[in-house]
Structure formats: structure tokens, C-alpha cells
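Visitor: Provided herewith is a single structure, encoded as C-alpha cells, for subsequent inquiry.
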Amino acid sequence: MSKENFWDVFSEILGVDAKLSILTELAPFGDFSNEEIIRIIENDYKDYFKELCGYDLKMKEKPSIIFHIS
């Protein structure tokens, strides 16, 4: 990571963090197959922090680095 690529790398780190957070939330439930868990994670990780902050998916969030996820 360097000052030239910090924002790109940081948004990727946020994406990985969101994916891991969703995984840890789904892990206790035995109702999902591995494929379903992967599908849910890949579909939802970009909106994870938005929902965590109380935003409805239809709402426009305030500008924040936490919502810029790769």
C-alpha cells in the first residue's frame, strides 16, 4: 500500500471485511449450503456497511469512504 494506491486498496479491504462479516453472521445458521452463502455474500457485500449504518437500500447515503467498496 502506498499513497498512490491507498484509496483503491482501502476500498478492497472494506470489501473483504464486509464479506467476512457477512460470513460470520451466516456461519451459525446451518440452513445454507456453501453455494448459497457465497451467492449471498457476493450479492450483498457492497451494501453491508450501508445497512449496518441504518440506511435502507433505497436511501441515498451521505458521502463517506465506508460506502465506497470494491
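The values are calculated or read from the model by the stated rules, or taken from the named source; none is laboratory data. Computed from a predicted structure; not experimentally measured. Cβ coordinates were reconstructed from backbone atoms using ideal geometry, including for glycine residues, and neighbour counts include every protein chain displayed. Keep in mind that these areas ignore ligands, DNA and RNA; they rest on the heavy atoms of the full protein, side chains included. Shrake-Rupley method; radii C 1.70, N 1.55, O 1.52, S 1.80 Å.
Visitor: Would you mind listing the helices (runs of 4 or more DSSP H) fully within the chain where at least 3 residues are small (Gly, Ala, Ser)?
Guide: 6-26
Visitor: Select from segment 21-56 the residues that are of a type outside the set (D, E, K, R) and surrounded by fewer than 10 Cβ atoms within 10 Å (Cβ to Cβ) and write down the one among them that is farthest from Ser11 (Cα to Cα).
Guide: Gly30
Visitor: Could I ask something else about it? Take the conditions among the aliphatic types (A, V, I, L, M), open to solvent by 100 Å² or more (accessible area, probe 1.4 Å) and without any contact (Cβ under 8 Å) to a residue 12 or more places away in the chain and apply them to Met59. Does it pass?
Guide: no
Visitor: Considering segment 1-41 alone, what residues qualify as being among the acidic types (Asp, Glu) and modelled with pLDDT of 90 or more?
Guide: Result: Glu12, Asp17, Glu25, Glu35, Glu36.
Visitor: Go through segment 1-15 and count every residue that is open to solvent by less than 80 Å² (accessible area, probe 1.4 Å) and either without any contact (Cβ under 8 Å) to a residue 12 or more places away in the chain or of a type in the set (Phe, Trp, Tyr) (or both).
Guide: Residues that pass the stated criteria total 5.
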